[in-house]
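Chemist: Below are the structure tokens for one structure; questions will follow.
Just so it is clear, none of the values below were taken in a lab; they were calculated from the coordinates. Because the structure is predicted, anything quoted here is derived from the model rather than measured. Because the Cβ atoms are built from the backbone with ideal geometry, glycine has one as well, and the counts that use them run over all protein chains shown.
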Amino acid sequence: MKLFYAPGACSIGIHYLLETIGHPYDRQKIDIKTGENRQPWYLAINPKAKVPTLQRDDGSVLTEFPVIAQHIAASAPDTGLVPSDSERALRAAELTDYLVSTLHMQGFSRIFRPAKFCEDPATHDAIQREGRYVVAAGLAVVERDLKQGGALHGEATFADAALFYVLFWAIDRAKLEVPAAGAERYARLKSSDAARRVFAEEGITL
Ligand SMILES: N[C@@H](CCC(=O)N[C@@H](CS)C(=O)NCC(=O)O)C(=O)O
């Protein structure tokens, strides 16, 4: 399989998952800043013009982070990243969707790219403030999950792929206050060999 990614983008969570699993894969960097994701050759692969994109060995393409994460985790059943307990697997999917659709799309998108919501620079402070509010509320949900035996509690699941990039953005990019259990979890994820390889391969210095 082949991952199309942009350095430091949400695709870093899928990159982290692939490195965690350790199966061979290819990857191709896409330069979002210069609009490479909107070039005809890339739109022919993913008409949504987004990363991550996963091209499978038969040439078929998967998009959307939660689906890609579950597919990759399921391709390595020995890792247990898709829990055999169906309720736990469902909770991991629920949390992954929340991290991507709410913290990322509603929160960090406002913090990092306020102009996507309104071009008028006079509105950007308010948009970013709203983004920080969404992220803080989301991180409180994550904290409860970690502390109260939710999907993130115990053995790693595919939800950790989303947690990895959300906490990378919160702590290392946006420099936000993250509650203790979340910060502790990120410190552990970040110091793994898989994370070290990912940061090096994406040219990210922390
Ligand atoms: N819903 C998509 C969102 C992916 C997404 O927003 N990716 C961003 C990078 S973090 C992107 O490709 N942005 C390019 C653009 O909007 O031009 C998913 O779950 O994969």
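Chemist: How much of the DSSP bridge set in the chain is antiparallel, in percent, rounded to the nearest 5? Before the final figure, lay out the partial values.
Modeler: On the way: 6 of 10 bridges.
The antiparallel proportion sits near 60 percent.
Chemist: Too long at a 22 Å Cα-Cα cut-off: which of K116/K190; K48/K116; K48/K190; K50/K175?
Modeler: Working: K116/K190 30 Å; K48/K116 16 Å; K48/K190 30 Å; K50/K175 25 Å.
Checking Cα-Cα distances, K116/K190; K48/K190; K50/K175 exceed 22 Å.
Chemist: Under the classification rounded if a/c is under 1.5, otherwise prolate if a/b is larger than b/c and oblate if not, where does segment 86-192 fall, given a ≥ b ≥ c as square roots of the Cα gyration tensor eigenvalues?
Modeler: Numbers: a/c = 2.42, a/b = 1.85, b/c = 1.30.
Prolate, since a/c reaches 1.5 and a/b exceeds b/c.
Chemist: Now a separate question. If R₀ is 30 angstrom, what is the calculated FRET efficiency for the pair D57 and A200, using the beta carbon separation as r and rounding to 0.05?
Modeler: Details: r = 26 Å, r/R0 = 0.86.
So, using R0 = 30 Å, E works out to roughly 0.70.
Chemist: To continue, here is another question. Using only Cα positions of the chain, each an equal point scatterer, no hydration layer, compute I(q)/I(0) via Debye at q = 0.10, 0.15 Å⁻¹ and quote the log10 values to two decimals.
Modeler: So the normalised log intensities work out to -0.41, -0.96.
Chemist: Still on this structure: In whole Hz and in residue order, list the ³J(HN,Hα) couplings for segment 114-125 that follow from phi through the Karplus curve 6.51 cos²θ - 1.76 cosθ + 1.60, θ = phi - 60°; x for Gly and Pro.
Modeler: The phi angles translate into x, 5, 5, 8, 7, 6, 5, x, 5, 8, 5, 4 Hz.
Chemist: Go through segment 1-94 and name the trypsin sites (Lys or Arg not before Pro) that are in a DSSP coil and have 16 or fewer other Cβ atoms within 10 Å of their Cβ. The partial results should precede the final answer.
Modeler: Values: sites: K2, R27, K29, K33, R38, K48, K50, R56, R88, R91; in loops: K33, K48, K50, R56.
Loop-located and lightly packed - K33, K48, R56.
Chemist: Residue by residue, what Karplus-based ³J(HN,Hα) values in Hz, rounded to whole numbers, does segment 145-151 have, using 6.51, -1.76 and 1.60 with θ = phi - 60° and x for Gly and Pro?
Modeler: Those phi angles translate into 4, 5, 7, 10, x, x, 4 Hz.
Chemist: Working out 0.36 nm times the residue gap between D172 and A126, then minus their Cα-Cα distance, what length gain in nm do you get to one decimal? List each step's numbers first, then the result.
Modeler: Numbers: separation 46, 0.36 × 46 = 16.56 nm, distance 2.22 nm.
Extra length available between D172 and A126 comes to 14.3 nm.
Chemist: What FRET efficiency comes out for the pair Q39/M105, r = Cβ-Cβ distance, R0 = 22 Å, nearest 0.05? All intermediate terms of the calculation are to be shown ahead of the outcome.
Modeler: Values: r = 23 Å, r/R0 = 1.07.
Given R0 = 22 Å and the Cβ-Cβ separation, E is 0.40.
Chemist: Can you give the FRET efficiency for A49 and A183, using 1/(1 + (r/R0)^6), R0 = 35 Å, r = Cβ-Cβ distance, to the nearest 0.05? Walk me through the numbers before you get to the answer.
Modeler: Values: r = 33 Å, r/R0 = 0.95.
Efficiency for this residue pair is about 0.55.
Chemist: Whole angstrom only: what separates the Cα centroid of segment 6-34 from the Cα centroid of segment 132-172?
Modeler: Between the Cα centre of segment 6-34 and that of segment 132-172, the gap is 20 Å.
Chemist: How far apart, in nm, are the 7 Å Cα→Cβ label points at Y133 and S84?
Modeler: 4.6
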